[in-house]
Amino acid sequence: MNTIYKYLIITVMIAIGGFATAQTKADKKEQIASFRVAFITKELSLNSKEAQLFWPVYNEYQDKLEALRKSRRKENRKLTPETMTDQESELFIENETDFKVNEANLQKQYYARFKQSLPIKKVALLIKAEEDFKRELLKQLKDKN
């Protein structure tokens, strides 16, 4: 059996088993990240060379996405739709629209970078794999509860 697949199987088992015993938010975040690596590596069938080139760029992309989302949460935390004035409602809509535009621009920028290290079909598979990962993670969290 290929060593990368052995690594994947072990990582997935640890990630799945770890969801049940996670105690802290940092532990959960780390376990989700490990599960994401295993899931996407498997779905894209990354060989070791592709993985070496892809993962640093993908991790950078995820960090920037997280910073963008954190900024959005911070801005929107100040606003409560039920009690907003018209001016605050306008700001809320602007913030949401700006977030979506910035998120789309970030995706476009990084998908172009992914094409430098992966075949185009694997970049297309990445888009699907990210959605499938979200569904699988939600399913596991739902099953856990």
Next item on the list: Could you list, in sequence order, all residues of segment 111-130 that are in a helix (DSSP H, G or I), over 13 Å from the mean Cα position of the chain (by Cα) and either at pLDDT 95 or above or surrounded by fewer than 18 Cβ atoms within 10 Å (Cβ to Cβ) (or both)?
Entry: TYR111, ALA112, ARG113, PHE114, LYS115, GLN116, ILE120, LYS121, LYS122, VAL123, ALA124, LEU125
Item checked: Selection status of GLU50, charged (D, E, K, R), surrounded by 11 or more Cβ atoms within 10 Å (Cβ to Cβ) and under 22 Å from PHE35 (Cβ atoms) -> yes
Notebook entry, point to check: Looking at (1) touching a helix residue (DSSP H, G or I) at 6+ places or on another chain (Cβ under 6 Å); (2) outside the structural domain of ILE32 (by TED's automatic domain parsing); (3) assigned to a helix (DSSP H, G or I), which is the only condition PHE133 fails?
Noted result: (2)
Notebook entry, point to check: Would it be correct to say that PHE39 is over 26 Å from LYS28 (Cα atoms) and buried (at least 16 other Cβ atoms within 10 Å of the Cβ)?
Noted result: no
Check: Do any residues in segment 99-125 that are farther than 16 Å from LYS49 by Cα have Cβ atoms under 7 Å from those of residues that are at pLDDT below 95, where the two are at least six apart or on different chains, and which pairs are they?
Finding: PHE99/ARG72
Next item on the list: Would you mind finding the one in GLU66, GLU103 that is modelled with pLDDT of 90 or more and loosely packed, with under 12 Cβ neighbours inside 10 Å?
Entry: GLU66
Check: Of these, GLU75, GLU82, which one is modelled with pLDDT under 90 and either assigned by TED's automatic domain parsing to the domain that holds LEU125 or exposed (fewer than 13 other Cβ atoms within 10 Å of the Cβ) (or both)?
Finding: GLU82
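The values are calculated or read from the model by the stated rules, or taken from the named source; none is laboratory data. Given the structure is predicted, the values throughout are model-derived calculations rather than measurements. Please note: Cβ atoms are built from the backbone with ideal geometry, for glycine as well, and neighbour counts cover all protein chains shown.
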